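Some notes on the structure that comes next.
Values in this text are rule-based calculations from the coordinates and carry no lab data. Bear in mind the structure is a predicted one, so any value in this text is a computation, not a measurement. Cβ placement follows ideal geometry from the backbone for every residue including glycine, while neighbour counts extend to all protein chains displayed.
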């Protein structure tokens, strides 16, 4: 029997980057799943603190780049990998979004472009696993920063044979942080206008 393939998509995880308990869970869960016989991968943004950690995280360029649409732009996102973890960990590099002192918020408030940052991340996760040829049975998404992954799979990638057997799980670690943004940001997702409603049915 083939092992279940699980992709952990998270905005933070120990030992790489942390702001709270989410990082502890996202860092520990892959090891537990691996111990249960699953084939696990972890993927997250390549933040400044990860790049500055140097030999501690052993980050290297895979040579893979994915193309991600953002509104009317097309962005190139290189994929990096760490060999310092028991579970293969991948990182999506886009310095204009992730090369910052803080992960999501500064002392004076949230980053103004958090919607863009995690629209790009969510779409890049999907494109990256295709380029890496890791076909997940389950993508486990953590907190609002990864929420669009499930939506993209049910809409834009609905007929993509690579994900025909892929299911998603979404875990909320802190309901106080919901990633709410003005409707004007919606066009950046590339989703059709009719999907912007709680009543939308992707079936």
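Residue order for 73, 100, 41, fewest other beta carbons within 10 angstrom first, comes to 73, 100, 41. Centre-to-centre separation between the Cα atoms of segment 155-181 and those of segment 59-132: 16 Å.
Between residue 2 and residue 108, the FRET efficiency from the beta-carbon distance, with R0 = 45 Å, is close to 0.35. With the simple spin-label model, which puts each label point 7 Å out from Cα in the Cβ direction, the residue 34 to residue 14 separation comes to 1.6 nm.
From least to most packed, judged by other beta carbons within 10 angstrom and beginning with the fewest, 74, 39 follow the order 74, 39. Peptide packing: for 186-198, 140-152, the average count of neighbouring Cβ atoms within 10 Å per residue gives the ranking 140-152, 186-198, highest mean first. Look at the alpha carbon pairs under 8 Å that are at least 6 residues apart: their mean separation over the length of segment 62-203 gives a relative contact order of 22 percent. In segment 95-156, Cα pairs under 8 Å separated by at least six residues give a relative contact order of 32 percent.
Take the Cα of residue 165, step 7 Å along the line toward its Cβ, and report every residue of segment 107-147 whose backbone nitrogen sits under 14 Å from that point. The answer is 134-139.
Across segment 126-203, the mean sequence separation of Cα contacts (distance under 8 Å, 6 or more residues apart), normalised by length, yields a relative contact order of 34 percent. Between residue 192 and residue 177, residue separation times 0.36 nm minus the direct Cα-Cα distance comes to 2.9 nm. What the Cβ-Cβ distance of residue 137 and residue 84 gives, at R0 = 22 Å and to the nearest 0.05, is a FRET efficiency of 0.30.
For the chain, just say rounded, prolate or oblate: build the C-alpha gyration tensor, square-root its eigenvalues into a ≥ b ≥ c, call rounded for a/c under 1.5, and beyond that prolate if a/b exceeds b/c, oblate if not. Judged from the Cα gyration tensor, the chain comes out rounded (a/c under 1.5). Estimated at 0.36 nm per residue, the fully extended path between residue 130 and residue 158 surpasses their Cα-Cα distance by 8.6 nm.
Can you give the calculated 222 nm mean residue ellipticity of the chain, where each DSSP H run of n ≥ 4 adds -39,500 (n - 2.57) and the sum is split over every residue, rounded to the nearest 500 deg cm²/dmol? The per-residue figure over the chain is -7000 deg cm²/dmol.
Spacing of the modelled spin labels on residue 51 and residue 100, each 7 Å from Cα toward Cβ, amounts to 1.4 nm.
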